Amino acid sequence: MSDIEKKLIKFWEQGNLSQGLLLVGSSRDDLKKVSTALARAILASDNLQYHPDYIQIDSHKVEEVRKLLAVLSLSSFGNRVVVMDNAEGLTPQSVNNLLKKIEEPSQRTFYLVLTSHEEKILPTLRSRLMAFHLRQSDTLANATAASFLTADNLAARVKFALELDVHEEDLDAFLKTVYQNEMNNFSSKTGQRLTAILKTFEFLEANVKASRVLSYLAVKWD
C-alpha cells in the first residue's frame, strides 16, 4: 500500500476525510489503485464491482454524468462513493450540474475526482475539492530497481547508475525497493548487499549525488 493510500485511509478512519477529493497523478493506473483502496475502506467491502453504492463514471461522457445525477437523487444504503475519472473532460454544463451536489453532499457521499491534468480542471470545481498529488516515487522505484537488478554485469550497472537522474525522495524509495527485493530473495551475497544498501542510506543523508550513491552500490553489489 502506497503512502498516499495509507494517509487517505487514516483520514477516513479518524473521521477527517473530506467528502470532495481531487486526486492528481500522471499514471491512470496509480489513480485507479488509490481510489479503489480508499473506496474499499469507505464502503467496508472488497467487492466494488457489484456494490450498489459504488459509482464510477468517465467524465468525458456527458450521458454518464446525467445518469450520475439521477442516481444521486436516490437514497443510498449506507456510505456512497462516486469516482469520476478523466475529470478534465467535464464540460462547463456538467460541472454546473454537479456543483450543488459536491458543495452540499449528503452526509454519507464521497466524491473522488481523478485527473492527470489538474490545470484543465475548471476553477469552480477545483476550488471545492481538497487536492492530493500522487508521488511518482513508488512507480519510479520499481522501474529503476528492475533495471538495476537485471543488469547482468558491473559495467552495465555502473553505466545505468551514471545515466540515472533521480530526486532524493525517488532514490530513497529505490533503495528501499532494492533492499526489500534482497530480503525476499536471500542468497550467499545477501549479507554484503544489505551492508552496501545501508551504507548508501548514509550517503543519502550526507547529500551525496545520486549517481555516486548508485555507482557505489553497483560496485559493491557483486
Q) How much length, in nm to one decimal, is gained on full extension between Gln107 and Ser75, taken as 0.36 nm per residue of separation minus their Cα-Cα distance? A) 10.4 nm
**Q.** Within region 208-222, backbone nitrogen closer than 20 Å to the virtual label 7 Å beyond the Cα of Lys159 toward Cβ
**A.** 211-222
Q) What is the helix-to-structure angle for 137-150, meaning the angle in degrees between its Cα long axis and the longest Cα principal axis of the chain, kept from 0 to 90 and rounded to the nearest 10? A) 30 degrees
**Q.** Approximate spin-label separation Glu118-His133, in nm, with each point projected 7 Å along Cα-to-Cβ
**A.** 0.5 nm
(Q) Can you tell me the length gained on complete extension of the stretch Asp222 to Asn96, counting 0.36 nm per residue apart and subtracting the Cα distance? (A) 39.3 nm
Q. Using the alpha-carbon atoms, what tilt in degrees (0 to 90, nearest 10) does helix 154-163 show relative to the longest principal axis of the chain?
A. 50 degrees
Q: Output the pairs from Lys100/Lys120; Lys159/Lys199; Lys33/Lys189; Lys33/Lys100; Lys10/Lys189; Lys32/Lys120 with a Cα-Cα distance over 30 Å in this structure; if there are none, say none.
A: Lys33/Lys189; Lys10/Lys189
Q: Could you size up the charge dipole of the chain around its Cα centre, putting +1 on the beta carbon of Lys and Arg and -1 on that of Asp and Glu, and report it in debye to the nearest 20?
A: 260 debye
Q. Based only on Cα atoms, what Rg/Rh ratio does the chain have, Rh being taken as Kirkwood's radius?
A. 1.10
Q: Taking 7 Å along the Cα-to-C-beta vector as the label spot, tell me the Met1-Asn16 distance in nanometres, rounded to one decimal.
A: 1.6 nm
Q. Say each of Gln49 and Lys209 gets a label point 7 Å from the Cα, pointing the same way as Cα to Cβ; how far apart are those two points in nm?
A. 5.1 nm
Q) Residue-wise, which Karplus ³J(HN,Hα) couplings in Hz belong to region 67-84, taking 6.51 cos²θ - 1.76 cosθ + 1.60, θ = phi - 60°, and x for glycine or proline? A) 5, 4, 4, 5, 5, 5, 7, 9, 6, 9, 7, x, 5, 10, 10, 10, 9, 10
**Q.** Helix-derived mean residue ellipticity, 222 nm - over the chain, DSSP H n ≥ 4, -39500 (n - 2.57), to 500
**A.** -17500 deg cm²/dmol
Q) Long-range amide H contacts for Thr109: which residues qualify at under 5 Å (H placed 1.01 Å from N, peptide plane, sequence gap of 5 or more or a different chain)? A) Arg80
Q. Of Gly25, Gly78, Gly15, which has the largest mean-square fluctuation in a 10 Å C-alpha GNM of the chain?
A. Gly15
Q) For region 3-133, treating each Cα as an identical point scatterer without solvent, what Debye log10 I(q)/I(0) comes out at q = 0.11, 0.23 1/Å? A) -0.33, -1.70
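Here, each number is a calculation from the coordinates, and none is a lab measurement. Computed from a predicted structure; not experimentally measured. Here the Cβ is made from the backbone with ideal geometry for all residues, glycine too, and neighbour counts use every protein chain on show.
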